[in-house]
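To start, the structure itself, in structure tokens.
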Amino acid sequence: MPIDTQGNFYDSKPWRRKADKSDHIRVSAPERRYYPSSRQDLLEIVFEAQSRPDPKPEVRACGRHWALSDVAVTDDFFIETHDPDGDPNNLARPRLNKTLYEVVPECLTSEALRFFDAQSVTPFDPTASPDQSKFYLYHVEAGTRIFDVEDRGAVAPGIAATERPVVPARDDGAERALGDVVVDR
């Protein structure tokens, strides 16, 4: 498998959308398909694209390939957050599904920090009903599925999928937030 200048492996396998017929290939030979396993890998892939001469390659992330729109489709760089062709137990290609403790609160503005601090939210307890008037922030990598978050005890089963959306629900495969948990379809 080829390696880019940042040390990340990639291939140029055909790209398919699962909602299409099994023999329908959307992109027959993308320039690169990456399978990152960390946030650092993602940053390096974006840096790789930005360091290329103009026109710079498009970098698109896709999860499980079920989106019905073309938001993830490109001839350039695919970032596979969940290897759709691979064995989920293959540790050589782990999907992105980690909890990111270093993002919240470090990435929040001082105004956002004041807002959340003023809520006086108690630490999350999966056995207790959450206070629906407050936000419980829990940040995960794109590629994380709701049931993975529930299995970690970060949210009570069903909460993430049923509570108010933080942003309008979208069916284009883009990253979205449901019940204060960021997920990727």
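Antiparallel DSSP bridges in segment 10-80: what percent, to the nearest 5?
The antiparallel fraction comes to roughly 30 percent.
Starting from a Cα-only point model with no solvent, please compute log10 I(q)/I(0) by Debye for segment 10-80 at q = 0.16, 0.22, 0.25, 0.27 1/Å.
Values returned for q = 0.16, 0.22, 0.25, 0.27 Å⁻¹ are -0.55, -0.97, -1.17, -1.30.
Fully extended, how many nm does the chain gain between T99 and Q132 (0.36 nm per residue separation, minus their Cα-Cα distance)?
Separation in residues times 0.36 nm, less the Cα-Cα distance, equals 9.7 nm.
State the answer as a single residue: which of V59, V73, S22 lies farthest towards the positive end of the charge dipole of segment 10-80, with beta carbon charges of +1 for Lys and Arg and -1 for Asp and Glu, about the Cα centre.
The residue sitting farthest along the positive end of the dipole is S22.
Counting other Cβ atoms within 10 Å, keep those with at most 13, restrict to DSSP loop, and tell me which GluC sites (Glu not before Pro) in segment 105-146 are left. Please report the intermediate quantities before stating the final value.
Details: sites: E106, E111, E141; in loops: E106, E141.
The qualifying sites are E106.
Which entries in the list K18/K134; K21/K56; K13/K56 go over 26 Å, if you measure between the two C-alpha atoms of each?
On the way: K18/K134 37 Å; K21/K56 31 Å; K13/K56 21 Å.
Listed pairs above 26 Å: K18/K134; K21/K56.
Every number in this text was worked out from the coordinates using simple rules, so none of it is lab data. In this text, all values refer to a predicted model and were calculated from it rather than measured experimentally. Neighbour counts run over all protein chains shown; Cβ positions are idealised from the backbone, glycine included.
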